[in-house]
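Undergrad: Structure provided below as structure tokens; questions to follow.
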Amino acid sequence: MRLFLAEVELTTKESVVFAKQPSYVEVISPSFIRRMAKGVKMGIFTSTQALKEANLAMPDAIITGTGLGCLEDSEKFLKAILDNNEQFLTPTSFIQSTHNTVAGQIALGLQCKGYNFTYVNGAVSLETALLDAKLQIETEEAHSVLVGGIDETAQHNIDVQRMAGNIKKQEDLPCSILEPTTKGMILGEGASFFVLEEQQKESSYATLDAISIQNSLELNEVEQYVKTFLNNNKISLNDIDLVVLGNNGDVEFDVYFNQVSHFFNQTPQAYFKHLSGEFYTASGFGLWMALNILKEQTVPACVKMNSIEREMYQTVLLYNQYRGKDHSLTLLKKC
């Protein structure tokens, strides 16, 4: 069996990277594909794969997180307003630009009439959705929840991000993600979906033990934030078998990850945004990677930050933040 991440492409030579688009015809009717926003197509495809792997036909709830929603259609609608002097506008782009479009389209396809909610909460949008799903199951409001994070790129947003200096300049590329010398990130996009259930099954990857989100932290507060999280969950530093960090190559803000990396200097460490790029729900790719490491019990060489290894990976901690804001910690344990 081929290991996950056996074939990867590093995103260090371009300042903007786009998601690899699969063949959608297996899950979406060709007549609908051409009218669907990129984020909707990615969301339907990944959610279908998640449900298939979990052997689940109908979830009790659908919860998504997104930073900017279906951005391409938002831009199309706003441009049409300007170009047509606010007259004779078709509503299609507006209807498809709302942030809950993906969750709604998935529900329509499944005919799922349960709890359906979308969180727009910056770089912790996915973590907020996961936290809601965890609470839904713990309070017995739902037995199974489909959770996902989706974000897409669009040209106007790319231009704005470049003007703000948030994206790396072309002359600064290629760059090192782990040893950055310049400001800015490599912008990306993507979709990730997961199924949370109350009972462990043969297809289960791990248990979602705890999630913590924090809007703002000073650099000198990060270590205490992690320590408090571990203490609250009765976990010691030595219990963590792997730390997954969201370094994106921005010399100005990766210092937060360096703090955590130093704190866990005797623990195996991995990173992921050199593969996915940076976007509001990029932590979904990191979560998928962490879950696969727990399942396969191996850390691919392309994501290792150090040479430390464990005989067995039982507990994984994922830490992410974006430009010094929206800090999150996610604790996973092998089933």
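Undergrad: Kindly provide the set of residues from segment 29-69 that are modelled with pLDDT under 90 and either among the β-branched types (Val, Ile, Thr) or buried (at least 19 other Cβ atoms within 10 Å of the Cβ) (or both), ordered by number.
TA: Passing the criteria: Ile33, Met36, Ala37.
Undergrad: Further, regarding this structure: Could you say which residue among Glu171, Glu189, Glu198 is under 26 Å from Gly43 (Cβ atoms) and either at pLDDT below 95 or open to solvent by 30 Å² or more (accessible area, probe 1.4 Å) (or both)?
TA: Glu198
Undergrad: Which of the helices (runs of 4 or more DSSP H) found entirely inside segment 6-105 contain at least 2 residues meeting this: hydroxyl-bearing (Ser, Thr, Tyr)?
TA: Here the list reads 38-53, 92-97.
Undergrad: Identify all residues within segment 244-262 that are open to solvent by 10 Å² or more (accessible area, probe 1.4 Å) and either modelled with pLDDT under 95 or within 12 Å of Val222 (Cα to Cα) (or both); write none if there are none.
TA: Val255, Tyr256, Asn258, Gln259, Ser261, His262
Undergrad: For segment 217-243, which residues satisfy the criterion of being under 19 Å from the mean Cα position of the chain (by Cα) and either part of a helix (DSSP H, G or I) or farther than 11 Å from Thr315 by Cα (or both)?
TA: Matches in segment 217-243: none.
Undergrad: Would you please list the contacts, defined by Cβ atoms under 7 Å and residues six or more apart or on different chains, that run from a residue in segment 213-232 that is farther than 16 Å from Ser283 by Cβ and among the polar types (S, T, N, Q) to a residue that is modelled with pLDDT of 95 or more and open to solvent by 70 Å² or more (accessible area, probe 1.4 Å)?
TA: Sorted first by the residue in segment 213-232, then by its partner, the pairs are Ser216/Lys325.
Undergrad: Can you tell me which residue among Asn85, Asn116 is open to solvent by 50 Å² or more (accessible area, probe 1.4 Å) and under 21 Å from Glu127 (Cα atoms)?
TA: Answer to the selection: Asn116.
The values are calculated or read from the model by the stated rules, or taken from the named source; none is laboratory data. The structure presented is a predicted model; accordingly, all values stated were derived computationally and were not measured. Cβ atoms come from the backbone with ideal geometry, glycine included; neighbour counts cover every protein chain shown. Each accessible area value is taken on the protein alone, full model and side chains, heavy atoms only, with ligands, DNA and RNA left out. Shrake-Rupley method; radii C 1.70, N 1.55, O 1.52, S 1.80 Å.
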